[in-house]
1. Please verify whether region 219-233 includes one or more residues that are at pLDDT 80 or above, exposed (fewer than 13 other Cβ atoms within 10 Å of the Cβ) and within 20 Å of residue 282 (Cα to Cα).
2. For the structure I just gave you, tell me whether residue 203 is more than 20 Å from the chain's Cα centre (by Cα), in contact (Cβ under 8 Å) with a residue 40 or more places away in the chain, loosely packed, with under 15 Cβ neighbours inside 10 Å and not assigned by TED's automatic domain parsing to the domain that holds residue 100.
3. Condition (residue is touching a residue at least 24 places away in the same chain (Cβ under 8 Å), of a type in the set (Val, Ile, Thr) and either out of contact with any Lys or Arg (no Cβ under 8 Å at 6 or more places or on another chain) or outside the structural domain of residue 21 (by TED's automatic domain parsing) (or both)) applied to region 130-147: is it met by at least one residue?
Amino acid sequence: MTDTTHRSGFACFVGRPNVGKSTLMNALVGEKVAIMSSRPQTTRRAIRGVLTREDSQLVIVDTPGLHRPRTLLGERLNDLVRETFSEVDVIGFCLPADQKVGPGDQWIARELAEARAPVVAIVTKVDKVPRDKVAEHLLAVSQLGEWADIVPVSSIEGIQIDTLVDVLTKHLPEGPALYPEGEVTDEPEEVRIGELIREAALEGVRDELPHSIAVVIEELLEPEDEMASKDVLEIRAQLFVERDSQKGIIIGKGGARLKEVGATARAGIERLLGRRVYLDLHVKVAKDWQRDPKQLGRLGF
């Protein structure tokens with residue numbers, strides 16, 4: 001007899017920075033909801049992606065990487081992660097196959113041992129290592145804690161993505177859909193636009209700079225004439241960094257770097273909105289904003 005029960009609820013992905021959480025969420029949802037970068041700590045918000053199937057609706061919450069914080073921003077991001085995994089129905093603990101289980105993973109495993117929800121260990125990036133190395137990693141992960149399930153996946157190759165959805169869904173309570181069919185995220189467009197700008201700014205910058213970049217959307221201006229042939233949305237945004245030297249890196253020689261950021265971001269925003277945009281970017285210095293409570297508040301943290 002088949003199970004005709006409809007399940008719905010929340011899962012969150014937890015792990016160290018840069019272990020593939022955002023890429024995995026995008027792969028499950030089937031659309032780019034969270035920005036991605038090779039830089040650690042790219043994710044700064046609890047971003048929700050919605051996966052709707054005939055028998056279930058899985059709401060996936062992508063969280064910032066858990067880490068030992070060095071700034072007030074880091075402390076607040078860690079608090080956000082803990083708050084998120086205390087409220088969901090199932091937790092996905094992401095551990096990349098191409099990196100050995102280390103102290104950071106052990107620290108997170110101890111935190112998750114106190115969690116109310118069941119924890120599924122997800123071994124990500126299995127396409128990056130030989131099969132025998134995956135087996136070794138799975139063994140190491142199994143010895144790290146008590147897991148409801150262990151699932152090896154590859155977001156890039158699509159390996160075991162459907163299996164992971166099945167495993168996460170079976171831990172959800174019975175219930176109706178929480179979001180309308182076809183909705184893939186409840187993130188406001190303004191937030192998604194700001195994240196696409198930050199994603200573009202993150203590429204190609206020096207190691208110390210990614211944590212120092214914040215984006216604030218100042219204005220979204222529709223054409224004044226509703227009958228205008230040029231239906232172009234004007235977006236004015238500020239990129240904040242912490243020091244004058246960082247401002248120089250973002251702008252680049254003769255403004256070349258900022259133009260490149262603008263072109264990349266504009267292309268992503270136009271794909272998101274399905275319309276043309278004019279992007280007006282400016283770079284400002286907010287000295288040591290990651291450590292300043294007032295500035296963190298103004299920047300949305």
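The values are calculated or read from the model by the stated rules, or taken from the named source; none is laboratory data. This is a predicted model, so every value here is computed, not measured. Please note: Cβ atoms are built from the backbone with ideal geometry, for glycine as well, and neighbour counts cover all protein chains shown.
1. yes
2. Taking the combined requirement at face value, the residue does not satisfy it.
3. Kept after step one, since they are touching a residue at least 24 places away in the same chain (Cβ under 8 Å), are these residues of region 130-147: 133-134, 137, 140-141, 144-147.
Then keep just the ones that are of a type in the set (Val, Ile, Thr); that gives 134, 141.
Checking the rest, the ones that are also either out of contact with any Lys or Arg (no Cβ under 8 Å at 6 or more places or on another chain) or outside the structural domain of residue 21 (by TED's automatic domain parsing) (or both) come to 134, 141.
Among the residues of region 130-147, at least one is touching a residue at least 24 places away in the same chain (Cβ under 8 Å), of a type in the set (Val, Ile, Thr) and either out of contact with any Lys or Arg (no Cβ under 8 Å at 6 or more places or on another chain) or outside the structural domain of residue 21 (by TED's automatic domain parsing) (or both), which makes the answer yes.
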